[in-house]
Every structure is written in C-alpha cells, then in structure tokens.
There are 4 protein chains.
Amino acid sequence: MNRIPVGVLGATGAVGQRFVQLLAGHPWFDLVAVAASERSAGRTYGEACAWKLAEPMPATARGLVVRPAEPGLGCELVFSALDAAVAGPVEEAFAAAGCAVLSNARNHRMGDDVPLLVPEVNPDHVALIETQRRRRGGRGFIATNPNCSTATLVLALAPLERRFGLRAVAVTTLQAISGAGYPGLPSLDILGNVIPFIAGEEEKIERETKKILGTLAGDVVTPHPVTVSAQTTRVPVVDGHTASVFVTLGSDPGVDALKEAIRSYRGLPQERGLPSAPAHPTVLMEQDDRPQPRLDVNVERGMASVVGRVRRCALLGYKFIVLGHNTIRGAAGAAILNAELLHCQGLLAR
Amino acid sequence: MNRIPVGVLGATGAVGQRFVQLLAGHPWFDLVAVAASERSAGRTYGEACAWKLAEPMPATARGLVVRPAEPGLGCELVFSALDAAVAGPVEEAFAAAGCAVLSNARNHRMGDDVPLLVPEVNPDHVALIETQRRRRGGRGFIATNPNCSTATLVLALAPLERRFGLRAVAVTTLQAISGAGYPGLPSLDILGNVIPFIAGEEEKIERETKKILGTLAGDVVTPHPVTVSAQTTRVPVVDGHTASVFVTLGSDPGVDALKEAIRSYRGLPQERGLPSAPAHPTVLMEQDDRPQPRLDVNVERGMASVVGRVRRCALLGYKFIVLGHNTIRGAAGAAILNAELLHCQGLLAR
Amino acid sequence: MNRIPVGVLGATGAVGQRFVQLLAGHPWFDLVAVAASERSAGRTYGEACAWKLAEPMPATARGLVVRPAEPGLGCELVFSALDAAVAGPVEEAFAAAGCAVLSNARNHRMGDDVPLLVPEVNPDHVALIETQRRRRGGRGFIATNPNCSTATLVLALAPLERRFGLRAVAVTTLQAISGAGYPGLPSLDILGNVIPFIAGEEEKIERETKKILGTLAGDVVTPHPVTVSAQTTRVPVVDGHTASVFVTLGSDPGVDALKEAIRSYRGLPQERGLPSAPAHPTVLMEQDDRPQPRLDVNVERGMASVVGRVRRCALLGYKFIVLGHNTIRGAAGAAILNAELLHCQGLLAR
Amino acid sequence: MNRIPVGVLGATGAVGQRFVQLLAGHPWFDLVAVAASERSAGRTYGEACAWKLAEPMPATARGLVVRPAEPGLGCELVFSALDAAVAGPVEEAFAAAGCAVLSNARNHRMGDDVPLLVPEVNPDHVALIETQRRRRGGRGFIATNPNCSTATLVLALAPLERRFGLRAVAVTTLQAISGAGYPGLPSLDILGNVIPFIAGEEEKIERETKKILGTLAGDVVTPHPVTVSAQTTRVPVVDGHTASVFVTLGSDPGVDALKEAIRSYRGLPQERGLPSAPAHPTVLMEQDDRPQPRLDVNVERGMASVVGRVRRCALLGYKFIVLGHNTIRGAAGAAILNAELLHCQGLLAR
C-alpha cells in the first residue's frame, strides 16, 4: 500500500502536538508538513514548538520546517488543530485547493453539508462529503469530529440509543485543563478550584450530540429528537473529561441489559480493524469508584469511552459516569480515526 | 444573659476542629470541654490535636484537657463531631444523661423523633424534640443537621420549593476533600484526579432532602414528595462542595422570578438575628463563571449557599450551580446555628 | 491626625488587588485613586478588575473610577504594583511630580539613591531619600521593597546577621503561583509539577539581600559581603514562598542561640507600633513538619517570616526552612509598612 | 537461556505494584510468586491489590494467588518491597533459606556486609556478597538499592565524582507523593501545600551517598569523605523527585566539562546491555526550565537521572537541578537492574 502524505495545521498548539505524537509511526499516514502561525513559520518544529506532552516529541517531526497555514503543503490530507478564531477560512481554502480537511475545530461542525463523524456511530454520514463536493465543486472537502466532551458522551450514548432508544440526557461535565489548550487556563484560576463554566461548551454538547445521532436521508441530516441539557465545569485534572450522565431511554431494559449493550458495542472501525480503532469503543467498569482520570484515561490508548456506576435513577431512568481522553478520542485521535474511515471507504484516493 | 457552657465530642477531628474554631468568641456559648477517643484523653487539646485549619487554634482551647466522650463533662449542651462508627450509642448516652446533643453525625438523622434541622427551612421541626423527650424520657435530646452536600443543596432548593413548588431534582456534586475528614482521602487517589463515588452520600442526599423539606403533622414528618437523584464525586479542592443542579418546579415562574426568590430568601435565623446566621442564607451571583470554591466559599463566613448560572433547562425546567462550605454550613456551623435556634426557642433553658 | 490620601498604580493586577485589600480600613491611609492600563481606565474598579482574592473586594474600592497611571491622581503618596515592563518611567514621572512612590516593581530597587527597605532590618537606609531628592530635585521620591522571595529570606537572615554575623547563604526556593501575577503561569505548566526556574529571580535574591543588609555611609550603601547563591523553583501552591536555607554565620552560637535570636527579633516597626507591623517579624516553629504554606502563611496576618527546622548543617553550619506570604510581606504589605515607616519619620509630611 | 523464576514480597503496595508492572515481559525473569501480608494472602493478586498505577495491571499477574511473605515461594530470587517495619527479619529468613534477596527496604542498606548498589556507580561492591555468604553461611544473600532520593542524586554525582572529585554537597529535595507509598500522605496535608520534612530521609541521603561512592577494600567499604547536607520536602507531584544541588568538586573544570561528564557517563549496565539499563544513565537538558516531573520523569523509561540548569555557584562551585523517577530508578527499577547485574556476574546461578 502506498503511504499517504499528511499535514497538520496548528501543529504547535496542544491538540496539534497530540496529532504529531499520534501520527508518529502511523501505518498509513506520513507526516510531511506542519503548519502554524506566521510567528512560528520558518523555524523547525523542534525549535518553534513548546512541547507539553509527557511523551517525547517524535524525532521525525523535530526537523520539519514549520510553514504558514496555506494550501501548497504537498499533501492532500490535512488535519486541522487550528484555533476557531482562524480555522473557518483557512480550512475552506485548503478544501477549495483540493485537500481533504479533517478538522477538530468547531467552525464547520454544524454545516449542512459537513459530516460530524464518530466512526462507530454514524459512518453513513460520510455520504455528506459527496453532497459537499457537488455543492462546492472540486475534490476537496471538510469533515469534522465532535467537541471533546461530546465525543466522550456520544460514544457512551450510542449503544443505548441503538438498542433501547434515547429520549433525554442531563449531563454535568468535569473537564480537564488540557481541553482549554495552551496557555489555556491560568493556574490561579484552577489550582484547588472548580470553574462552573466553559464558554460555548454546553451548546456544543447539546447540538452536536443530536447531529451525530441524527438520521441522514438524501442530503440532509435530521437531528435526533433526544433532549440534551448540559452543565459544564473545569476541574484541576490534566487529561480526561469525566461526565455525570442521567438518561431516559426509549424502553426500560434493566441495568444488566444496559451494561451488556455497553460491553458488547462494536462499530465499523472494529469490523474493519482500522489502525487507531480501540478493540472496545465503550469499556464498562464494575468497581464502584471507577472510572477515574488518573487511572483510566489511557484505557484503549485513550480511544474509548470508559463507563462506570451504571444504575437506575428514580427520576430519569438510568444514571452513570463516563470518562474519555479529551485530546485523543476527544480531538486528534478522533480526527485520525475519521481519516482512516474515509481512506477505507475510498474517499481519500485520487 | 448567662453564658452557656458547651462541649465538643470528637473535638480533634476535622469537623471537631471547625467546632472549636467557630465557638471561640461565640457570644452565647463557652467551650468548656473537649472529648475525643481514649488515645487522646488526658493530654491538652494543644498536644492531642493535629490542627489542620489555616486559622490558628484558639488560645482558649489549647489548654483544655481532652476527656473521654462520656457523660459528665460539666455541660448540658454538647456538639457531636463523632465518627459515625461510634456516634450512635455515645450520643444516646449523652441524651439519656440529660444533655442537648447537637449532632453532625449521620446516625440519628433519619430517626422518627429526631429533628433534622436547617433553621431557615424547617424550624417547626424543632417540635419533634418534645416528642423525643416524651418517648425517651428526661430532658436530654438529640437534634441533627444534614450531611454536608445536602446542607448546601437544600438551602438552595428551599426558596424555590416555598415559592414555586418542587417536583424533581437531578444533582451532581463535586465535593471537597475536607468533607472526608482527616486523614481522609490518600493524596495518591485525588491529586489531579476525580473520584466518581462517595460511599453512602447519594442515599443521604436523596433521603435527607425529602425529610428536611417534609411536613410535620402531629408527631410525624411526612417526607416531601420531590424525587431526588444524585451522583456524587470528589475533586481536588480543600473546602467547598459544588453541585450542578437540574430542577423541575411546581410552576414555571421564569428565570427572573427564580433569581429573585433566591436573592430575597430569609428565614427565622435572619429575623431573630441569631449570632451565626448569615445576612443572606442564599446568595445569588450573576457572573457566568461563579460561584467558585476558591473565591466564594467564605461568602457570609461560610454560612450561605452561593448560587450561580441560574437558567432554563430544556429537559427539567431550570438548572443552576450551587456552592457551600462543607465544614461550616455543611457541618459545624450548621450545628451551632441549630443550637442558637433551640436556645432562642427556650429549648436549652433549665 | 489627618488621614493621607493614597493611590495604587497597577491596581487591577494580582499585587494591585492585594494593595486595595490591605488598604481597606487602614488607620492612616485613604485609598482615593486606582490607576491601571488604558484598557481599564474609565470603568469602575468593580467592573474593570477581575478580582482573584478569596477575601471580597472592599466596598469602598468598588466604585472608584480607574484612571490612567499618570500624575494628577490627587494624592501625594502612591503605591506602585506596576509591571516591570512599564514601571520605570511611570514611577519616575510620579516622583518628578512630587509624589512619594512606594514601589513593589524591580526597576529602581538597585538604584544608587533608591532605598530598598525592610523596616525591621535597614530603616536607616531611609536617609537615601534625602540624597535622591537632592540629586533629582523636588519633594517626590521613589522607595522600594524587595522581591517577594528576598523579602522572606532577608527577614529570617537579619536576626542572625545582627547577632552572629553572616558569611554565606545557599538557598533553594519553592515559590507560589501568585508570585507570577495573573494570568501568570498556565495551569498545564504547574498542575502536579515543579518548574525549576523563575526568570531573573536568582539574581534578585543574590543582589537585593546584599543591598538590604548593606551599610549606609554618607550617600552610599555598601553591599554586605555575604555570598548568596540561589536556585528558585515554582510549585503548585497558591500563596506562600518556602525557602530551604543553608547558612554560614560569623560565629558558632549553637542552635539554641539561633532560635532565641529568631524568636526575640524586633525592629523599629515593633517599637513604634506601626499599624501593619507584625508583633513578631520572625516567628519560630518547633514542630518538625512546619512551616507549611497552607497552615502558616497567614501567621501574623502574612507579615512575618515563619522559620522552622533550625538545626546544624555539617557543611555550612546551620540550615532551616522559612516561609513568607509572597503578596503580603513579599509585596503589598511590605510597601505599606514602608510607607508607615516613612510617615512616622516625617517623610510624607508637607 | 533458562528463564529465572522470581517473586515479589510486599507485592500489593505502591513499590510492589511497580515491581509487578516492570517485571511483566522481562526477558530474563518470570514473576511466579507474589507475597503480601496475611490479610491479602489467599486471594488472587487481581482481587487483593488496589492497583494505583496508570498502566494497567499485567494480565499474567492478575491470577497469581497472594501468599504469605515466608520462604518456600518456589523461586530463588525475590524482590522485596516490604515495609521497613517488617522487612528486617523477613528478608533475613529468605536469605537464610538460600534466596537472593534484592531489597528496596532501608533495613539492611547500611549493613557492613550488604552491598548498596547502583550498577553504574559501584558494581565492584557486589563482592560484598561473598563476604556475606561466608559470614552468614549458605548461598542466600541480601543486596540493596538506595533510598529513592539518594538514587537520583548519587547517579548525578557519580560522573562528577569520577572525573573531578567530590568534596561537598548541599541538597534540597522536592519529593513526589508516590514516594510515601499508599495510603501515604493524607490529601489534606499536601494539596496546594509543601511539607518541609520527611522522617529519616535526610539521614538516608547523607549516609547512603557516602557508602555508594565509597571504596571497597578487602571486606570493608570505606565511606567516601564527601560532606553531604540535605533538607527534604514533599510537594504535590505524583511521580518524580526533584533535587536542587549545590556541589564543591575536587577541581574546577568549568561548566562545559561538567556538562560533558554528565552527557557522556556510561557504566557496566550500558556496556553489558542489561535489559533495564538506560542508554544514558544521566541525561543533560539545556533548556532553562527543565527538567520538570510532568514532562521528563519518563525519560529513559524512568531509569535515568535528568540533569538541568548546570552552572557556577559563587558559594560552593557549581549548582544544578536533577530529577528522577522515584518508584522506577528510585525503587523497583533499581532493584531489577541490580538483579540483572548480579545475574550477569554469575551470582544468581545455581
């Protein structure tokens, strides 16, 4: 198989670093270009990037020269970790130039002809790419992955929705600081503290969940009718978003059936054996006090939603806790899995 | 006015220390006795107690000799900060010996003839003390305050329940480590982490809320019909329990009326000007990112529930955040305010 | 006594907030003006300032209109919490306009005619103000307090230097995040981490300590001959700089004499009863595991250096731990105590 | 090559878990026995052990039945992670029964005939094993690795001592909480705090460093004449001990030569290619703000001392920062590397 050259836009930021780390040694993709702001352009990645991951910077990335985030990077697949303040037009320019843009930015997620993909959940939404190509012309396109907390939540909801139907979700998140990027939150704000607000986050969870679980018919995704209500908080954790979830299902299957649905859930990435796919996209823990970010965030290399404390709720039916890695399954890992899905479906081929 | 001699049971623990700190300089009560386990007995409080509060140990407490937790302490009012493992029979022994026992322990809270008091919310439940005296004989009695997270929650719910009715509550707590006492949580478990479980806490929130908001008729408290469902978590915060609350009210008053109800709420402690009463038992913050434990836990000297982010919820009607000081309004301060209420109603007089 | 109107430059920053908090209710000084960057100017302090202290914003400050940091604030005494990037010329302008400038910024600390004051240690250096006035003309002047970690260290060294002589100091600091201001350190850098570097800090400790302990003769401060070598680190603590100190004294007095020197140390602020003076500028703790930031940073309202673990060192003679409040004795409180000293010596009078 | 069956004593504790994790997949050693207190004995390791590492429990260990820590485990090599309160006689019993005991406990480290080994530094001290066998009889023996903070420090000192001589060391440590085991430090003591004391730690650093760097002649290790003075603190970091070091060398080589000595240091484990040996036992970082625990603790899989900020010190000659992984190179990894050294020298053969 021919290897595919890829680039990362916004490569020096927190999510950009995670892309670079996850792409090192990827069996299909070769990182050939890193792009960032004008300020960084022209220096090597090793010089320009204040690397903040505990895993060392891949040697192959260190010597790449950082380039401006403009088309002409020599690759037809780019991952976008751009800040939302600039992602909109830049991603459009790359798509117009014929690139497949796999974006983690929020800008285009809710676009009518832009798929918002979770490969285990709505791989059929890939068809929107053809709509997008038809409308906008050319081979390029934009495909997106959800917001970090939505990614964790929706993966846990999907097996329930598929098997039992889903009517209502009330969710409270406890989100890690790496979700705010770098420099992100000032330490004086979060050390020994909780901040009960993340700008725009609740709206994203409420809207994106409905689109991902929605139905594609013709060219249109009809959002899922589930009612989602969220409160989001920031806690002093480095990696790993935890969510406390109360749900009303379409039926009353009992706790054991719920657990079994979570334990046995598989999707297309598992069937096709995509390189970044977790063996189990949803992992069930039975211990009372799990999942915990410090102990469980790396389950399935950060690509699973880890569910625990599944039990009945006197008010809404059921309640549970779910944990996911916000910069892996919630960002860079999600976009890479999306690219693998598209490649496997022939959408990246010339 | 004659000052009232008081004792603290379990005085060397985390809540016991808070009692000792809050009683220093109290206008009505004189701390004359501190009691703890056999291991501590016989040494001065200054020697026996590993003081863990940022406020210094009161000089007046330092020289008190720690005594065993047995009747005969020379005071007819004792505050109990005993561990639940021993509180049951010890508190009963003090009551049988004629003492007023103001307990923070969970053991007797749900007793049929034991008032579970929040002075702004259910001061009429004080009448259970007469029932208790009648049943058990003698002047002594046990009166309790709620669990720390319940205390914060119920104070925020009360103005809504009183004005609009209350049908349902889904609550997720983010609780501080001081709520687990000392030594409490191992640091390896909580540093940079979230633990999604606190043993017994959810049941306490669900039961105690219904009792406190319940109706006393004759000798019986009928629990409030509200449905309460809780998930509780521990976060790396020293003091201050935060709760994310979704509520369904009996009517749909609109956000402004809700805010006004919270802002204007007052109760008997405010009317009577009890020494430990906050001017405002419920404080409303309008900034998006408040309340926060580090900045707001000491509002009203830790005796208020601080509410923020009040807004509509598409699922349950309304949602908001509430913060309270878990060892002040959630423990020692609550018991002291209860004692002030009882004194003011003549129940501590000879 | 006539009250003295004062202003705070850089009032919205971390140290500026501490000035505003400490000046509320000051017996001599009235806060009449708050100045900050152009961006904040024109709004009320309550609106312009993102207050980050656990103590609430003083009501008297809330309504003050923030003004640009230019002379003409209507007060002849200003406290400067300006960032070093702008403090130099702004402070000079205020001095040239006739103001007494009590500065916490580093810019002028090492100026030949600028006193670097610790009132308990070198009150005689106040005489440099006359030199400064003579050289620069006019009544205005600049007087400074030391860097936050120097302030804590030098106060602990002074009783030893005065009594036994001081030859050498090797110090390692563990500094709190509030010392870096706001926004200061990104949380991703410091949560669960140690950063073994603070730009410029070691040089400040080494130079400032020698100037403060130095001798004024005529118009010149001759630095103390002590050799000081520092390594500085940042740790995840909100308030309170800890230092591990190894010292060689001029004689070998024994541990008991050292402790006694620390315990009994008093200076001019204590003799004169200055309002912000701690009763004991150096406090000795005998427990093995003290001082600790969380428990001891507020000893003497944050105005003391708290010393513990005093013992022999096989290499340099003696070693000990010292803790101080970095934004009180290490910044705003220090400048206010300096102003009190100057007022008491007639240097603020018309 | 025949694989060697090994056991771990104290296998359920914090260091015991690290042994189990590091031994999984070891090319020479097979973990066949886990022993712990009577309380755990009889249950499987998966049931008995509250696993606290972020890496998952090895599947091969999960089903092992925990046995009492008594000879007869079916292996002639045991690693001891026993608590010092019980390690003394238990380790002696295993040695008397013919086992090679590789101990992380402090009890026997300073024994005259017990080698205290760092394979890159003093592999010749292995000869003490013959002395020990001769004196005590039998094939069994006890060999030890240093205390966690000593391990990190001595590895950084060794290249300097070997090349330039070493006269004096003043060291301040900032130690991680995992060094205190589990449950270890209460979270109320260390969250947002520094504790300036670790019982017994300073004496260990001072004594063990001298023994490791000492000279074996005949049957006797003569301690190195270097003077070592330590102050030790605990900081809120999960893994990774940082030390601030001031040193006086035997000559004045200049900073570049010092750095070169650190960069180029190699020892027997590197020459022989021992499986757990780091490629570079001492790693030099040139960035101002490194090493940091969160970013650098896993350099060389936690088996190196990472050195930064090497520069001149006006007082003692040179100063620098060093970081090491306290439960890998500072405990379990050190003991395993010792075992590899002994095996390679034929001391484990029948």
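The values are calculated or read from the model by the stated rules, or taken from the named source; none is laboratory data. Just so we're clear, the structure is a prediction, and the values are computed from it rather than from any experiment. When we count neighbours, we look across all protein chains shown, and the Cβ atoms used for this are built from the backbone with ideal geometry, even at glycine. For accessibility, only protein heavy atoms count, side chains too; no ligands or nucleic acids. Shrake-Rupley method; radii C 1.70, N 1.55, O 1.52, S 1.80 Å.
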Inset, instruction - For A:ASN326, list long-range residues whose amide hydrogen, built 1.01 Å from N in the peptide plane, is under 5 Å from its own amide hydrogen. - result: A:GLY240, A:HIS241
Inset, instruction - Enumerate the amide H contacts of C:VAL8 below 5 Å, restricted to partners 5 or more residues apart or on another chain; note that Pro and chain-start residues carry no placed amide H. - result: C:ALA33, C:VAL34, C:ALA35, C:PHE79
Legend entry - Coordinate range along principal axes, alpha carbons of the range A:122-191, Å, largest first: 50, 37, 14
Legend entry - Cβ-placed point charges (K, R +1; D, E -1), dipole of the protein assembly as shown about Cα centre in debye, nearest 20: 0
Legend entry - Estimated inter-spin distance, D:SER37 and A:GLN270, nm [label 7 Å along Cα→Cβ]: 4.0
Inset, instruction - Could you list which residues have their amide H under 5 Å from that of C:LEU347, counting only those 5 or more apart in sequence or on another chain, with H placed in the peptide plane? - result: none
Legend entry - Per-residue [θ]222 nm for the protein assembly as shown (sum of -39500 (n - 2.57) over DSSP H runs n ≥ 4, rounded to 500): -8500 deg cm²/dmol
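Using a probe radius of 1.4 Å on protein heavy atoms only, what is the accessible area buried between chains B and D, both sides summed, to the nearest 100 Å²?
Values: alone 14330 and 14330 Å², together 27240 Å².
Summed over both sides, the interface buries about 1400 Å².
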Legend entry - On Cα atoms only, tilt of A:84-96 relative to the major axis of chain A in degrees: 60
Legend entry - Estimated vicinal HN-Hα couplings, Hz - the range C:176-192 in sequence order (Karplus 6.51, -1.76, 1.60; Gly, Pro = x): 7, 5, 5, x, 9, x, 10, x, x, 6, x, 5, 4, 7, 10, 5, x
Inset, instruction - Would you look at the GNM of chain C, springs on alpha carbons closer than 10 Å, and say which of C:SER40, C:SER149, C:SER305 moves the most? - result: C:SER40
Inset, instruction - Find the centroid of the Cα atoms in the range B:1-77 and in the range C:23-99, then give the distance between the two in whole Å. - result: 45
Legend entry - Alpha carbon centroid spacing (whole Å) that separates the range D:298-350 from the range B:183-262: 49
Inset, instruction - Run the dipole for the range C:179-334 about the Cα centre, Lys and Arg Cβ at +1, Asp and Glu Cβ at -1, nothing else charged, and hand back the magnitude in debye, nearest 20. - result: 160
Inset, instruction - Report ³J(HN,Hα) in whole Hz for each residue of the range C:72-80, in order, from the Karplus equation J = 6.51 cos²θ - 1.76 cosθ + 1.60 where θ = phi - 60°; Gly and Pro get x. - result: x, 8, x, 8, 9, 10, 10, 9, 10
Inset, instruction - Hey, could you get me the Stokes-Einstein D for the range C:7-121, Kirkwood radius over alpha-carbon pairs, 25 °C and 0.890 mPa s, rounded to whole µm² s⁻¹? - result: 171
Inset, instruction - For the protein assembly as shown, report the convex hull volume of the alpha-carbon atoms normalised per residue, in Å³, without decimals. - result: 191
Legend entry - Spin-label proximity, B:THR222 to the range B:162-183 - amide N less than 19 Å from point 7 Å beyond Cα toward beta carbon: B:162-168
Legend entry - Top positive-direction residue, dipole computed over chain B with Cβ charges, set B:ALA93, B:ALA33, B:LEU347: B:LEU347
Inset, instruction - May I ask you to list the lysines whose Cα is less than 19 Å away from that of C:LYS259, ignoring any residue fewer than eight positions away on the same chain? - result: C:LYS319
Inset, instruction - First measure r as the distance between the Cβ atoms of C:SER251 and A:ARG311, then evaluate 1/(1 + (r/R0)^6) with R0 = 45 Å and state the FRET efficiency to the nearest 0.05. - result: 0.05
Inset, instruction - Mind giving me the nanometre distance, one decimal, between the label points for D:ASP124 and C:GLU203, set 7 Å out from Cα along Cα→Cβ? - result: 4.5
Inset, instruction - Count charges around B:ALA14 for me, please; just the other residues with Cβ under 13 Å from its Cβ, Lys/Arg as +1, Asp/Glu as -1. - result: -1
Legend entry - Antiparallel bridges, percent of DSSP beta bridges restricted to chain D (to nearest 5): 45
Legend entry - the range D:233-285 - convex hull of alpha carbons, volume per residue in Å³: 135
Legend entry - Of all DSSP beta bridges in the range C:36-176, antiparallel share, percent nearest 5: 10
Inset, instruction - Report, for C:GLY111, each distance to the same residue's label point in the other copies, shortest first and in nm; define the point 7 Å along Cα→Cβ. - result: 5.8, 6.8, 7.1
Inset, instruction - Would you work out if the range B:96-237 is rounded, prolate or oblate? Take a ≥ b ≥ c from the square roots of the eigenvalues of the alpha-carbon gyration tensor; rounded if a/c is under 1.5, else prolate when a/b is larger than b/c, oblate otherwise. - result: oblate
Legend entry - Average beta carbon contacts from partner chains per residue of C:149-155, 10 Å cutoff: 0
Legend entry - Two-decimal ratio, the range C:1-66, of alpha-carbon radius of gyration to 2.2 N^0.38 Å: 1.03
Legend entry - Label-point separation in nm, C:ALA24 to A:ASP30, each point 7 Å along Cα→Cβ: 6.4
Inset, instruction - Mind listing the label-point distances from B:ARG266 to the same position on all other copies, shortest first, one decimal in nm, points 7 Å along Cα→Cβ? - result: 4.9, 6.7, 8.3
Legend entry - Largest-first principal axis extents of the Cα set of chain A (Å): 59, 50, 34
Legend entry - Radius of gyration, Dmax [the range C:244-350; alpha carbons; angstrom]: 15.6, 55
Legend entry - Calculated FRET efficiency for the pair D:ALA59/B:LEU53, C-beta based, R₀ 56 Å, to 0.05: 0.75
Inset, instruction - Calculate how many DSSP beta bridges within the range A:184-318 are antiparallel, expressed in % of all such bridges and rounded to the nearest 5. - result: 65
Legend entry - For q = 0.30 Å⁻¹, Debye-computed log10 I/I(0) when each Cα of the range A:105-146 counts as one equal scatterer: -1.07
Inset, instruction - For the range B:20-28, take each phi angle, set θ = phi - 60°, evaluate the Karplus expression 6.51 cos²θ - 1.76 cosθ + 1.60, and give the result in whole Hz per residue in order, putting x for glycine and proline. - result: 4, 5, 6, 7, 5, x, 5, x, 10
Inset, instruction - Calculate, in whole percent, how much of the Cα-Cα pair population of the range B:86-155 lies beyond 15 Å. - result: 50
Legend entry - FRET efficiency, B:ASP112 to D:ARG301 (Cβ-Cβ, R0 56 Å, nearest 0.05): 0.35
Legend entry - Within the range C:111-255: Cβ-based charge dipole about Cα centre, in debye rounded to nearest 20 (Lys, Arg +1; Asp, Glu -1): 360
Inset, instruction - Rounded to whole Å, how close does chain B get to the rotation axis onto D by Cβ? Give me the residue too, please? - result: B:SER187, 2
